[in-house]
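To start, the structure itself, in structure tokens.
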Amino acid sequence: MISMSEPAPERNYSKPPGIRLLEYIKKSPLSYKTHQAIVLIVTFLAYASYHAARKTTSVVKSTLDPESSDVSLKFFPWRMTYLSEPAEGRRLSRILGDGWAPFNGSDGTALLGEVDLAFLAVYAIGMYFSGHLGDRTNLRIFLTIGMVGAGVFTSLFGIGYWANIHTFYYFLGVQMLAGLFQSTGWPSVVAVVGNWFGKKKRGLIMGIWNAHTSVGNITGSLVASALLKYGWGWSFVVPGLIIATVGVVVFLFLPVSPDSVGAEEDELDSPKKCGAAGVTEPLLEPEVKVKESAVGFLEAWKIPGVAPFALCLFFSKLVAYTFLYWLPFYISHTAIDGKYLSSEASGNLSTLFDVGGVLGGILAGHISDRLDARAITAASFMYCAIPALFFYRSYGHVSMAVNIALMFITGMFVNGPYALITTAVSADLGTHSSLRGNSRALATVTAIIDGTGSVGAAIGPLLTGYISAKSWSGVFTMLMGAALIAGLLLTRLVVAEVAAKIEESRSRSASRSQPTVIDV
């Protein structure tokens with residue numbers, strides 16, 4: 001029996017240590033909206049750090065492989081052959097741009113493409129398993145392990161600089177393990193955000209939240225570019241330390257779901273508020289007693305819309321990740337207004353593609369919310385990306401101003417549908433009505449969609465490594481073809497959405513024209 005002087009026993013929720021500390025300082029439980037704010041901030045920082053660590057390879061490429069083009073001779077007049085130089089000369093060559101064996105040979109570009117393929121192939125395969133595990137484990141712990149592991153192996157790639165490692169298989173193996181740990185990120189953060197936010201304004205909220213991808217790319221580019229002068233190893237080690245540090249923040253502060261922290265779900269935008277206006281497909285339905293079990297892989301594929309959006313993302317990420325991994329390299333080997341930029345300047349300039357991507361993600365989310373048409377929005381952006389790619393390749397060299405403008409526009413149209421599909425669309429499908437309120441499908445569905453997209457992300461940079469050795473115009477032709485196919489894959493869904501809009505318009509017109517009968 002409990003005495004009046006003793007506090008009533010509380011349910012033992014698995015609250016993160018940081019949440020407990022905040023509640024101790026505040027001396028009261030955190031509100032539902034405060035939890036939502038913490039979720040958005042922590043997951044934003046988490047995935048931004050994933051992309052910052054992932055971006056470094058593209059910035060360092062032209063330093064590792066300056067021999068891939070005769071143009072590089074104009075930037076590195078002190079070129080020396082690494083194997084024939086004494087130790088003192090080798091140290092000098094690291095600063096003056098001799099490249100890094102084995103990537104500074106005639107096949108350097110192809111080797112870099114293979115390293116990208118290794119990372120992204122393991123990332124894509126790991127994504128499917130990560131989604132499966134994410135729906136069955138504590139996402140906070142799972143995400144922390146993934147981030148710390150990704151930080152360790154990203155740093156190990158850079159340690160090859162000081163350890164004087166020139167074995168290709170070392171870099172290949174480290175990147176494969178980095179890709180495995182990186183695959184834990186996306187299914188986990190989308191599942192957590194999906195647990196806290198309902199469908200109302202999900203496209204806009206996730207469009208803004210998805211800016212973490214571009215912010216991470218920009219941060220990774222700026223950090224890696226700034227550190228190149230001290231040795232390319234720092235361009236990997238520092239981002240690796242950043243993602244590991246943010247992983248600790250995730251462990252301390254990330255509330256996985258309202259149930260896990262005992263948050264009161266009395267807000268209008270709560271995903272469990274079934275009667276809330278505008279929420280037609282709640283994430284969770286507490287009124288319906290459903291014994292939840294994690295959704296199987298094949299069952300998730302059968303959810304309407306998963307397959308076409310997954311295949312669309314295959315080609316969409318092929319385009320986006322080709323830019324992610326090769327844009328700084330392309331800029332450094334392209335004369336802009338008759339001048340070539342250094343590796344550092346190219347890395348900094350490439351961030352404008354991601355700035356355009358931030359706007360594109362927000363616009364795609366907002367437009368899809370207003371139209372209530374995800375497929376129409378995604379397909380329209382992919383079709384617009386085709387002329388944007390053509391004009392950037394054809395006229396990006398005219399002047400710096402033209403290059404910046406066209407790069408920004410290209411980033412907006414390329415990253416818009418990529419951001420929409422990987423966020424709002426994945427969350428919508430992971431909470432589809434066919435699941436009957438089962439909340440344990442978000443990570444699996446997200447992993448299927450983004451994992452399929454990541455296969456395309458692996459293929460694009462690999463093909464670019466081979467095609468660019470012959471012609472960059474061929475690379476852009478490949479990208480335009482991929483954008484076209486991505487749009488066409490959504491044709492069936494687009495037709496269905498258009499038909500639904502027409503039917504809705506007819507119903508409204510009929511209701512307005514219906515005469516009012518007054519009983520006397």
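Below is a table of values for the structure above.
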quantity	calculated
Filtered residue count, the range 81-120, keeping only those that are of a type outside the set (S, T, N, Q) and either open to solvent by 30 Å² or more (accessible area, probe 1.4 Å) or at pLDDT below 75 (or both)	19
Residues being in contact with a Leu (Cβ under 7 Å, 6 or more places away or on another chain) and small (Gly, Ala, Ser) - total across the range 362-387	6
Selection count, the range 1-22, where residues are at pLDDT below 90, out of contact with any Gly (no Cβ under 6 Å at 6 or more places or on another chain) and open to solvent by less than 90 Å² (accessible area, probe 1.4 Å)	4
Subset of the range 11-56 [closer than 30 Å to residue 346 by Cβ and out of contact with any helix residue (DSSP H, G or I) (no Cβ under 9 Å at 6 or more places or on another chain)]	none
Residue match in the range 310-325 (condition: open to solvent by 60 Å² or more (accessible area, probe 1.4 Å) and within 24 Å of residue 486 (Cβ to Cβ))	yes
Candidate set: the range 191-211, residues that are of a type in the set (A, V, I, L, M, F, W, C) and modelled with pLDDT of 80 or more; chosen: the one surrounded by the fewest Cβ atoms within 10 Å (Cβ to Cβ)	208
Single condition residue 480 does not satisfy, out of (1) at pLDDT below 90; (2) closer than 21 Å to residue 326 by Cα	(1)
Checklist (1) open to solvent by less than 10 Å² (accessible area, probe 1.4 Å); (2) modelled with pLDDT of 90 or more; (3) farther than 27 Å from residue 189 by Cβ applied to residue 400, failing item	(1)
Boolean, residue 123 is open to solvent by less than 60 Å² (accessible area, probe 1.4 Å) and at pLDDT below 75	no
Among residues of the range 428-473, those that are closer than 25 Å to residue 360 by Cβ, at pLDDT below 75 and either out of contact with any Phe, Trp or Tyr (no Cβ under 8 Å at 6 or more places or on another chain) or not in a helix (DSSP H, G or I) (or both), counted	4
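The values are calculated or read from the model by the stated rules, or taken from the named source; none is laboratory data. What you are looking at is a predicted structure, and each value in this text was computed from that prediction instead of being measured. Cβ coordinates were reconstructed from backbone atoms using ideal geometry, including for glycine residues, and neighbour counts include every protein chain displayed. Areas reflect the complete protein model, heavy atoms only, side chains present, ligands, DNA and RNA absent. Shrake-Rupley method; radii C 1.70, N 1.55, O 1.52, S 1.80 Å.
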